[in-house]
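> Quick one: the structure is below, and I'll ask about it shortly.
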Amino acid sequence: IKVLADQAIGAPLYIYGYYVTTSFGKAVATTNDLSKTWSETTHKANQMLWPTMLQHWKLWPFVHALNFYFAPIHHRVLVQNTVLVGWSGYLSHLNNRQLMTPTQEIKVTIIRRGTELKIEAERLKRQQEKQPN
């Protein structure tokens, strides 16, 4: 029951709080409009919360299960904190990629792939033009 409560209540609050705190702190340093900054920060945190939670739920229940069944009680905190270092790095990576939301990431990927296809088409066209008939 503790793990279920942690995963259902504690984890979303922690992740949302992490995104809001770090993003707001970074944004406040560059702007004077706190109301607009707060609104943008909470909006992006809302957009990033559920995709992050899906990744969270892929990792942490597995870590807890292994930790509770196989790690001696005096090593459980060490195991959890070791995984937490990597998880914190992952959250930092997500948060510092200009707070790109999943929707923005899809749009950027489509644009990049479209550009790559255009470049490849141009290369093939030039290559065909160079070949003698």
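> Would you mind getting the accessible area per residue of the chain, heavy atoms of the protein chains only, 1.4 Å probe, in Å²? Present the calculation step by step, with values, prior to reporting the outcome.
Working: 9900 Å² over 133 residues.
Solvent-accessible surface per residue comes out at 74 Å².
> What does the highest-first list of 41-47, 117-123 look like by mean Cβ count within 10 Å? Don't skip to the answer; put the middle values down first.
Numbers: 41-47: 17.3, 117-123: 10.0.
My ranking of the peptides, most packed first, is 41-47, 117-123.
> Roughly how many percent of the accessible protein surface of the chain is carbon and sulfur, given a 1.4 Å probe and a whole-percent answer?
C and S atoms contribute 64 percent here.
> Can you tally the lysine pairs in the chain where the Cα-Cα distance is under 17 Å and the two residues are eight or more apart, or on different chains? Present the calculation step by step, with values, prior to reporting the outcome.
On the way: LYS26/LYS36; LYS26/LYS44; LYS36/LYS44; LYS44/LYS107; LYS107/LYS118.
Summing the qualifying lysine pairs gives 5.
> Using only Cα atoms, find the angle between the long axis of helix 34-70 and the longest principal axis of the chain, and express it within 0 to 90 degrees, rounded to the nearest 10.
60
> Can you tell me the mean projection area, over all orientations, of the convex hull of the chain's alpha carbons? Units nm², please.
On the way: hull surface 54.8 nm².
Mean projected area of the Cα convex hull: 13.7 nm².
> Please arrange TRP57, TRP50 by accessible surface area, largest first, computed with a 1.4 Å probe and ligands excluded. Could you put the intermediate results ahead of the total?
Numbers: TRP57 95, TRP50 140 Å².
If we order TRP57, TRP50 from most to least accessible, we get TRP50, TRP57.
> If you don't mind, there's one more thing I want to ask. First select every other residue whose beta carbon is under 13 angstrom from the beta carbon of GLU40; then total the charges, Lys and Arg +1, Asp and Glu -1.
Values: positive: LYS26, LYS36, LYS44; negative: ASP33.
Within the 13 Å Cβ shell, the charges total +2.
> If you don't mind, there's one more thing I want to ask. Using a 7 Å offset from Cα along Cα-Cβ at PHE68, what residues in the range 5-24 end up with backbone N under 13 Å from the label point?
Counting only backbone N, you get 5-8.
The values are calculated or read from the model by the stated rules, or taken from the named source; none is laboratory data. These numbers come from a predicted model, not from an experiment. No Cβ is skipped: glycine too gets one built from the backbone with ideal geometry, and neighbour counts run over all protein chains shown. Just the protein is used for accessible areas: all its heavy atoms, side chains included, with ligands, DNA and RNA removed. Shrake-Rupley method; radii C 1.70, N 1.55, O 1.52, S 1.80 Å.
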